[in-house]
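Novice: Below are the structure tokens for one structure; questions will follow.
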Amino acid sequence: MLATYAVHVEDSRGRRYPEAKHPYRDDFQRDRDRIVHARAFRRLENKTQVFTRRYSDHFRNRLTHTIEVAQISRTIAGALHLNSDLVEALALVHDIGHPPFGHSGETALDKCMQRFGERFDHNLHALRIVEEFEARYADFPGLNLTFEVREGIIKHSHDYKEAEYPQLGEYLLNQRPPLEAQLIDLTDEIAYNTADLDDGYEAKLLKLADIRASVGIFENFYCEVEKQYPTVRERLKFNEALKRMINRFVTNLIETTLQRVAESGVRSVEDVRNLHERIAAFSPEVDRERREAKEFLYRYMYFSDSLRGQKADGEKIVADLFEHWVQNPGDLPRSYQVQISDGVASLPRIICDYIAGMTDNYILDQHKKLIRRDLPR
């Protein structure tokens, strides 16, 4: 039974291009399946999350991170009596617009576009992927996803202002997104804050002593684990403490959101939309713990000396290729040259779209071929 404030699929605002109903799957289930079968989704397997494959094949990539976000999101959606199919679709699509080389690739692309008075935003790019770039169906362009999934792509992590983004006016920018979309940014943080601690420790970039000294929530659980399992090896104690950390974040998000739902008095999706703030949230105490873990990762890992070279290489590769194609658009694939001649978009935007869709391996091959530099993988 769904809550009255959940999105009910029969109340969906529908698809841009009307379609007949499927006999066995509802519209949100079909959206989920279309995302999973999309080429852009498959490419996530070869896009950096934090570590490139020069470290190890065991670390998360964009695809495995996405699967973890979907698993956490479904658990929370079920406990809140939200529409789990919509939540899963949003979790699976939330990173589909990311370029190669993780956040360093995104930073580099945005800098390149700013030179031409434009920007790169992975949420807006994700919308264009599902609306335009995916070509799988004879009856319509893109994936023809429901309004609720397209809205969630835009609004799950950011509130856009209609005055600044008039092209997004159909997505009710003056209203909050449904709870199903509000969850995704928070479950994304649960997933990467804990997974990046795991991968950083496995990579030996993070020391257990530093984690314990700086991340209070982890230290509390590690002390519990040491008392309960005094003889097991360190790695298993680490795993157990991390598991309890995830459980605390998930449980608190469920309980705090339920409390805020009750206090707000919302009874419908429209009630949720018309509130002045989002309802899904951690408690103040757990939010402080979340921020502490995130700040530790930024200080000790994301901006560490160990990853600085990897990030710099990624940014340079993106910038080199962007500049090359600005100066030599004839080197672009034929399909992109057709877009230039047809005036589909500006040359910088077309180049940006091409680079953003690349995997790490493909962009390295292009850089080696066109820039004549053979950077280590």
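The values are calculated or read from the model by the stated rules, or taken from the named source; none is laboratory data. If you're wondering where the values come from, they're calculated on a predicted model, not measured in any experiment. Counting neighbours? That spans all protein chains shown, and the Cβs are built from the backbone with ideal geometry, glycine included.
Novice: Please verify whether R150 is crowded, with 23+ Cβ neighbours inside 10 Å, modelled with pLDDT of 95 or more and either of a type in the set (K, R) or assigned to a strand (DSSP E or B) (or both), treating the condition exactly as stated.
Specialist: Working: crowded, with 23+ Cβ neighbours inside 10 Å: yes; modelled with pLDDT of 95 or more: yes; either of a type in the set (K, R) or assigned to a strand (DSSP E or B) (or both): yes.
Answer is yes for this residue.
Novice: Scan region 326-352 for residues that are farther than 18 Å from L370 by Cα and of a type in the set (D, E, K, R) and jot them down.
Specialist: Result: D342, R349.
Novice: Any idea which of L253, L205, L242, L297 is modelled with pLDDT under 95 and surrounded by 12 or more Cβ atoms within 10 Å (Cβ to Cβ)? Reasoning before the result, please.
Specialist: Numbers: L253 fails: modelled with pLDDT under 95; L242 fails: modelled with pLDDT under 95; L297 fails: modelled with pLDDT under 95.
One residue alone meets the criteria, L205.
Novice: Can you tell me how many residues in region 324-353 are closer than 13 Å to E118 by Cα and in a helix (DSSP H, G or I)?
Specialist: Adding up the residues that qualify gives 7.
Novice: Can you find a residue in region 278-289 that is crowded, with 20+ Cβ neighbours inside 10 Å and more than 26 Å from G97 (Cβ to Cβ)?
Specialist: Looking through region 278-289, at least one residue is crowded, with 20+ Cβ neighbours inside 10 Å and more than 26 Å from G97 (Cβ to Cβ).
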